[in-house]
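The values are calculated or read from the model by the stated rules, or taken from the named source; none is laboratory data. Because the structure is a prediction, the values reported are computed rather than measured. Cβ placement follows ideal geometry from the backbone for every residue including glycine, while neighbour counts extend to all protein chains displayed.
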2 protein chains.
Amino acid sequence: MNVLDAIRERHSIRSFTDETVSRETLRDLTECAVLAPTASNVQCWKFIAVTDPDFVRKITLFSPGMSGKPPVILALCTDQSIAESRLGETNSRELATIDVSLAAENIMLRAVEQGLGTCTIKSFNEEAVRAILGLPSHIRLEYLLALGYPAGPGKSPARKAIEEVLYYDTYKE
Amino acid sequence: MNVLDAIRERHSIRSFTDETVSRETLRDLTECAVLAPTASNVQCWKFIAVTDPDFVRKITLFSPGMSGKPPVILALCTDQSIAESRLGETNSRELATIDVSLAAENIMLRAVEQGLGTCTIKSFNEEAVRAILGLPSHIRLEYLLALGYPAGPGKSPARKAIEEVLYYDTYKE
């Protein structure tokens, strides 16, 4: 599948089949993730693939943004101690968020190519999900991706006209 | 070009030919950008394609992270007033950064498919570049992308082994 088609066919998927996602596939997605650009090659990203149904159920309970019973929840995390020591305290948190997000889009597009669907989840009880994942204090939980085989076609809400978001040379109100 | 190959062939490009990038291509890249996921469909992203050589030169002067004389600098921005009003003050800034970064990766992968090269630039004099772009206070300058046709092959530094970044179910030190 070419890049343009994958970008066009990526929609937030909120309904999944029961089919599990193999570890081979999870590894493939992660290999794509880590090829994203990363500030000073710091690679402070950490990916936790939650596949144990009991863990998935528990995280879902604490995630109002989650729907459709995904077989996998990918927790996108960053190691803040690596980020701070390599990138400095001022911007490291934001640079880590940028890096993991560039990586997340690689995962989402490669997922489309693999017949998988994803949904980014930013609404969850951080304290509860951190406890379930066993995160130490220096690992920041950035956000979650629901992952699985779509139970039906996805659909994205309409986007603004390009003229509303693209400018040449300078910004004009 | 399939997604996996585009992900593998994307490298930070720091040397560009003199060839200009057409407005049609810049529009195509932006169309890909806005198909990325966006929190609550808020679409607070703003893309400024700087193509005027004098503007490019000025921004480059204030961007120590820039090299290779790109014909285009894409300024990735977010409208913080839209973000705050739609997403709330607490998280809107971070959610906007996530959205524009997911969009940025779409641009970078579609660029590979179009024979273009990119480089993310996070090191620049924010005040100076904001002034050149004419940004009002509610438009946040997130970061820059150098864009153009590569003058030579790119190369990415080695990545950590997957075992160092991928975990199952819970985090383990």
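Could we say that residue A:86 is without any contact (Cβ under 8 Å) to a residue 40 or more places away in the chain, among the charged types (D, E, K, R) and surrounded by fewer than 20 Cβ atoms within 10 Å (Cβ to Cβ) here? Please lay out each step first, then the result.
Values: without any contact (Cβ under 8 Å) to a residue 40 or more places away in the chain: no; among the charged types (D, E, K, R): yes; surrounded by fewer than 20 Cβ atoms within 10 Å (Cβ to Cβ): yes.
For residue A:86, the condition - without any contact (Cβ under 8 Å) to a residue 40 or more places away in the chain, among the charged types (D, E, K, R) and surrounded by fewer than 20 Cβ atoms within 10 Å (Cβ to Cβ) - is not met.
Are there any pairs, at least 6 apart or on different chains, whose C-beta atoms fall under 6 Å, with the first in the stretch A:39-55 and modelled with pLDDT of 95 or more and the second assigned to a helix (DSSP H, G or I) and among the small types (Gly, Ala, Ser), and if so, which?
From residues that are modelled with pLDDT of 95 or more, the pairs are A:44/A:83; A:44/A:96; A:45/A:103.
Is it true that some residue in the stretch A:152-160 is within 19 Å of the chain's Cα centre (by Cα), hydroxyl-bearing (Ser, Thr, Tyr) and at pLDDT 95 or above?
There is no residue in the stretch A:152-160 that is within 19 Å of the chain's Cα centre (by Cα), hydroxyl-bearing (Ser, Thr, Tyr) and at pLDDT 95 or above.
Go through (1) within 27 Å of residue B:137 (Cβ to Cβ); (2) more than 16 Å from the chain's Cα centre (by Cα) and name the single condition residue A:122 misses.
Failed condition: (2).
Would you call residue A:126 modelled with pLDDT of 95 or more, among the charged types (D, E, K, R) and surrounded by fewer than 17 Cβ atoms within 10 Å (Cβ to Cβ)? Quick ask: steps written out before the conclusion?
Details: modelled with pLDDT of 95 or more: yes; among the charged types (D, E, K, R): yes; surrounded by fewer than 17 Cβ atoms within 10 Å (Cβ to Cβ): yes.
Answer is yes for this residue.
In the stretch B:33-86, which residue that is among the aromatic types (Phe, Trp, Tyr) and within 7 Å of another protein chain (Cβ to nearest Cβ) is farthest from residue B:96 (Cα to Cα)?
So, considering only residues that are among the aromatic types (Phe, Trp, Tyr) and within 7 Å of another protein chain (Cβ to nearest Cβ), the one farthest from residue B:96 (Cα to Cα) is B:55.
How about the stretch B:94-129: which of its residues are more than 9 Å from chain A (Cβ to nearest Cβ), on the phi < 0 side of the Ramachandran plot and without any contact (Cβ under 8 Å) to a residue 60 or more places away in the chain?
Once the filter is applied, which keeps residues that are more than 9 Å from chain A (Cβ to nearest Cβ), on the phi < 0 side of the Ramachandran plot and without any contact (Cβ under 8 Å) to a residue 60 or more places away in the chain, the stretch B:94-129 yields B:96, B:121, B:126, B:127.
Would you check which residues across the stretch A:142-173 are over 23 Å from residue A:120 (Cβ atoms), of a type in the set (Asp, Glu) and surrounded by 18 or more Cβ atoms within 10 Å (Cβ to Cβ) and list them?
Of everything in the stretch A:142-173, just one residue is over 23 Å from residue A:120 (Cβ atoms), of a type in the set (Asp, Glu) and surrounded by 18 or more Cβ atoms within 10 Å (Cβ to Cβ), namely A:169.
Among the listed residues A:133, A:141, identify the single one that is under 29 Å from residue A:35 (Cβ atoms), more than 8 Å from every other protein chain (Cβ to nearest Cβ), touching a Phe, Trp or Tyr at 6+ places or on another chain (Cβ under 9 Å) and of a type in the set (A, V, I, L, M).
Working: A:133 fails: more than 8 Å from every other protein chain (Cβ to nearest Cβ).
So the residue among A:133, A:141 that is under 29 Å from residue A:35 (Cβ atoms), more than 8 Å from every other protein chain (Cβ to nearest Cβ), touching a Phe, Trp or Tyr at 6+ places or on another chain (Cβ under 9 Å) and of a type in the set (A, V, I, L, M) is A:141.
What residue, among those in the stretch A:1-32 that are among the hydroxyl-bearing types (Ser, Thr, Tyr), in contact with a Ser or Thr (Cβ under 9 Å, 6 or more places away or on another chain) and not in a strand (DSSP E or B), is farthest from the other protein chains (Cβ to nearest Cβ)?
For the stretch A:1-32, the residue satisfying everything is A:15.
Hey, can you tell me all the residues within the stretch A:1-25 that are surrounded by 21 or more Cβ atoms within 10 Å (Cβ to Cβ) and in contact with a Leu (Cβ under 7 Å, 6 or more places away or on another chain)?
Answer for the stretch A:1-25, where residues must be surrounded by 21 or more Cβ atoms within 10 Å (Cβ to Cβ) and in contact with a Leu (Cβ under 7 Å, 6 or more places away or on another chain): A:3, A:6, A:7, A:10, A:21.
Going by the structure shown, is residue B:89 more than 11 Å from chain A (Cβ to nearest Cβ) and in contact with a helix residue (DSSP H, G or I) (Cβ under 8 Å, 6 or more places away or on another chain)? It would help to see each step written out before you state the result.
Working: more than 11 Å from chain A (Cβ to nearest Cβ): yes; in contact with a helix residue (DSSP H, G or I) (Cβ under 8 Å, 6 or more places away or on another chain): no.
No, not satisfied.
Can you tell me which residues in the stretch A:144-173 are within 9 Å of chain B (Cβ to nearest Cβ) and in a loop (DSSP other than H, G, I, E, B)?
Hits for the stretch A:144-173 are A:156, A:157, A:158, A:159, A:160, A:165, A:169, A:170, A:171, A:172, A:173.
Every residue in the stretch B:33-65 that is among the aromatic types (Phe, Trp, Tyr) and surrounded by fewer than 21 Cβ atoms within 10 Å (Cβ to Cβ), please. Break it down stepwise before answering.
Of all residues in the stretch B:33-65, those among the aromatic types (Phe, Trp, Tyr) come to B:45, B:47, B:55, B:62.
The answer is B:55, B:62.
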